[in-house]
Amino acid sequence: MGTVPSTPRWSSARPVDTAEYLIGTFVGEKSFPLTSDFWQKLLELPLSLQWPSHRVRQACELFAQNNYYTRHLAKILIHLGQCLQECISTSGVPSTVYTKAVNAVYISSVFLKYLIENAKSENIEELHLSLDESEVIQNNFPADQNIENFVMHGVLSFIGTLDVNPETHLLHHELLNFMLIVMSTQLLSGPSPGPKDVNPFIDAAMAQESSLVGLVVRRLLINYINRPRIPLNDVSYSIFSEGSQPGVLQRVGSAAANFVLLPFNYLVSSGGEGPRSPLADSSLQVLLILIHYRKCILVDESIADRKSGSATSDSLSKENTYFSENPYCKALENARDIEFDRVDIEGNAHSGPLVRLPFASLFDTLGMFLADETAILLLYSLVHGNSDFLEYVLVRTDLDTLLMPILETLYNASRRTSNQIYMLLIILLILSQDSSFNASIHKLILPSVPWYKERLLHQTSLGSLMVIILIRTVKYNLSKLRDVYLHTNCLATLANMAPHAHRLSAYASQRLVSLFDMLSRKYNKLAELMDDKMHIDKANSPEGDSIAEDVSTELHIYTDFLRIVLEILNAILTYALPRNPEVVYAIMHRQEVFQPFKNHPRFNELLENIYTVLDFFNSRMDAQGMNGGWSVEKVLQVIIINCRSWRGEGMKMFTQLRFTYEQESHPEEFFIPYVWQLVLSRCGFSFNASTINLFPVDQPIDKQNVDSEGELNKPQNGELIAELVQ
């Protein structure tokens, strides 16, 4: 491959020889000007040659050596931009223009991927995205525009303005794959974006006009909603060879080196996963990368000049930098329902072009695909960032469409990543901040819950099921993950729900009291351990001091948890007792679990209310004087009757706990690595693990399964935690 084959006669050469020659010439030493007919011949070839993986790598290595002199990457990107311009401006795209565009984006993707993941310089100079001054520039390439801006404008314009149909489907898909590859420069930077990070293509995407940005965001979401399938009869384009044999560039992509994602691979059923839409998947992945990108800019350029030339972005203080506005994030946050033209509270219509989306279809699609983490992250981005979509969700009468898959995923927490559990709990916390949500979930009755195996749940309210699953998640966390943030989010959601509880089921009520018992056992173990440490002479044991400090910290945490559970019970008894006889029964049935804490200084005032309720109903039970013994039904009947006469006398009123979710000041340090881990586990191509600096990688990321060692075990700088608002 190191030498360029002799030129075949165009009229008589076999297509294999012609393709061999043109690809060899493209990666070789000779530079062809933009105006050469070489590019026309390269991009119009019906490529049907198969190459083994070692030849693919040789081609990429040779291209990397020669690109500095030939600038063939820059030139093929310009041709790609020009082909896309022609596709957009021509109604009824001619097959030759379409073929050229597909081949241009395909060839660009293969070699760009190799150059990015093998970059040796921080500035990714190996791309050489410029032309020699002597190069003759064509009329349709603006002289004052850089190449990455030109090509990204073309790519985004095609995606945003041309509908997906059987004729354009393949090119849409390849352009999305191209975007994933060119935006992968983020993988080379650290988890905290810095002013020295180099992401030329994604920065070019951020620089587009707001009208185009809106079109792109809308198209990506429409693709996700409509989930167009690959037309199986659409194999006439040159990217496919005849029959079942993959073409040369398909071979480039499907070789062992895994250079590029292939639509060809999706023509074969993946088996066991049901119908897939690769275009929908790629659209969502591209959207998530775009909306979570943050461009870090120095407040004062002279600060960087005073730093050492070898200084990394981490050495530049966050106080001296800021993030430029992300137009894609803004477009998603300002998206409006296509059926509802709303003016904001101040009476001013939102400025600028708005993204119009069918919220009903988006809601239904998310409900169907919440088993996938990327869908969860999209739902989080919408309910956290877009107040209109959140409001739409809250007024839906079929909340089970979203909540049931969320609760089922939490039920199967042991088979999910910790990040997936975090995101779902935060979504529930955001929803629980609305009182109408907390009221409506108790009105929706579920005939059955087939995936809940511990017991049969018939005619259970959605609110009761939510209580059961949240408590089950706390129990799982206590035994497996032992993560404070997860406990906090579960208890925060339960606390928000408590004042609005309505006809909580017997099982949910029992689990609520069992939650106090479960946490109290953990508290007692820590208290005993702390007591033991206090009796050990630690005079010469610094390690003993450290252990005692850790135990003390954990003891304080579980003291707070127990207090929150007591606040939850208090809220139900104070504001909703007549509507929740099963909660009263559960407290009476397990009243002994509260006794050890009756005189505890942190709990006694909260327990006073619980004992006021116990005294009231115990006295009513005693007045009945049942000689034949009490059955569950009889006890419950007495409780229901006396609930009607309950007036809350003697109850102390406490300020309602209300938890809200707020992002930390640097959420990008969590979200950018998290998004890319999801993308790499799903997108179909691998990335050289040794060059990834965005997150720690011990081994290559498995497709469709992020290894537990490679995942972000818990939020750190961008922590996703609840903040208590008194």
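The values are calculated or read from the model by the stated rules, or taken from the named source; none is laboratory data. What you see is a predicted model; the values in this text were computed from it and never measured. Every residue, glycine among them, receives a Cβ derived from its backbone with ideal geometry; neighbour counts consider all protein chains shown. Just so you know, the surface numbers come from the protein's heavy atoms only, side chains and all, with ligands and any DNA or RNA stripped out. Shrake-Rupley method; radii C 1.70, N 1.55, O 1.52, S 1.80 Å.
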Scanning the stretch 194-223 for residues that are part of a loop (DSSP other than H, G, I, E, B), open to solvent by less than 20 Å² (accessible area, probe 1.4 Å) and of a type outside the set (S, T, N, Q) gives GLY194
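For every residue, the table says whether it meets (1) open to solvent by 10 Å² or more (accessible area, probe 1.4 Å); (2) of a type in the set (Lys, Arg); (3) modelled with pLDDT under 90; (4) touching a Pro at 6+ places or on another chain (Cβ under 8 Å).
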position: GLU133; (1), (2), (3), (4): yes, no, yes, no
position: VAL136; (1), (2), (3), (4): yes, no, yes, yes
position: ALA143; (1), (2), (3), (4): yes, no, yes, no
position: GLU148; (1), (2), (3), (4): yes, no, no, yes
position: ILE159; (1), (2), (3), (4): no, no, no, no
position: VAL164; (1), (2), (3), (4): yes, no, no, yes
position: GLU174; (1), (2), (3), (4): no, no, no, yes
position: PHE178; (1), (2), (3), (4): no, no, no, no
Scanning the stretch 607-655 for residues that are among the aliphatic types (A, V, I, L, M) and under 23 Å from ILE564 (Cα atoms), the one most open to solvent (accessible area, probe 1.4 Å) turns out to be MET653
Within the stretch 515-544, restricting to residues that are open to solvent by less than 30 Å² (accessible area, probe 1.4 Å) and not charged (D, E, K, R), the one that is modelled with the lowest pLDDT is GLY544
Of the residues in the stretch 62-81, those that are part of a helix (DSSP H, G or I) and either among the basic types (Lys, Arg) or open to solvent by 20 Å² or more (accessible area, probe 1.4 Å) (or both) number 7
When the stretch 449-496 is checked residue by residue, the ones that are under 19 Å from THR401 (Cβ atoms) and free of Cβ contacts under 8 Å to residues at least 12 places away in the same chain are PRO450
Test ALA413 against the stated conditions and say whether it is surrounded by 18 or more Cβ atoms within 10 Å (Cβ to Cβ) and at pLDDT below 95.
yes
- Query: Can you spot a residue in the stretch 285-292 that is of a type in the set (S, T, N, Q), in contact with a Cys (Cβ under 7 Å, 6 or more places away or on another chain) and at pLDDT 50 or above?
  - Reply: yes
Of the residues in the stretch 553-577 that are among the hydroxyl-bearing types (Ser, Thr, Tyr) and in contact (Cβ under 8 Å) with a residue 60 or more places away in the chain, the one that is surrounded by the fewest Cβ atoms within 10 Å (Cβ to Cβ) is TYR575
Of those in the stretch 180-193 that are of a type in the set (Gly, Ala, Ser) and open to solvent by 10 Å² or more (accessible area, probe 1.4 Å), the residue nearest to ILE78 (Cα to Cα) is SER189
Q. Restricting attention to the stretch 578-594, does a residue exist that is crowded, with 19+ Cβ neighbours inside 10 Å, of a type in the set (A, V, I, L, M, F, W, C) and touching a Pro at 6+ places or on another chain (Cβ under 6 Å)?
A. no
Among the residues of the stretch 359-366, is any within 15 Å of the chain's Cα centre (by Cα), open to solvent by less than 20 Å² (accessible area, probe 1.4 Å) and closer than 26 Å to PRO673 by Cα? yes
Among THR90, THR70, the single one that is among the β-branched types (Val, Ile, Thr) and free of Cβ contacts under 8 Å to residues at least 12 places away in the same chain is THR90
Checked the stretch 626-657 for anything under 27 Å from LEU491 (Cα atoms) and of a type in the set (Lys, Arg); matches are LYS652
For ILE426, the lone unmet condition from (1) in a helix (DSSP H, G or I); (2) out of contact with any strand residue (DSSP E or B) (no Cβ under 6 Å at 6 or more places or on another chain) is (2)
A careful count of residues in the stretch 489-513 that are assigned to a helix (DSSP H, G or I) and open to solvent by less than 30 Å² (accessible area, probe 1.4 Å) gives 15
Of those in the stretch 421-448 that are free of Cβ contacts under 8 Å to residues at least 40 places away in the same chain and touching a His at 6+ places or on another chain (Cβ under 8 Å), the residue most open to solvent (accessible area, probe 1.4 Å) is PRO447
Note to self: Any residue that is at pLDDT 90 or above, in a helix (DSSP H, G or I) and out of contact with any Leu (no Cβ under 8 Å at 6 or more places or on another chain) - is there at least one of those in the stretch 95-102?
What the structure shows: no
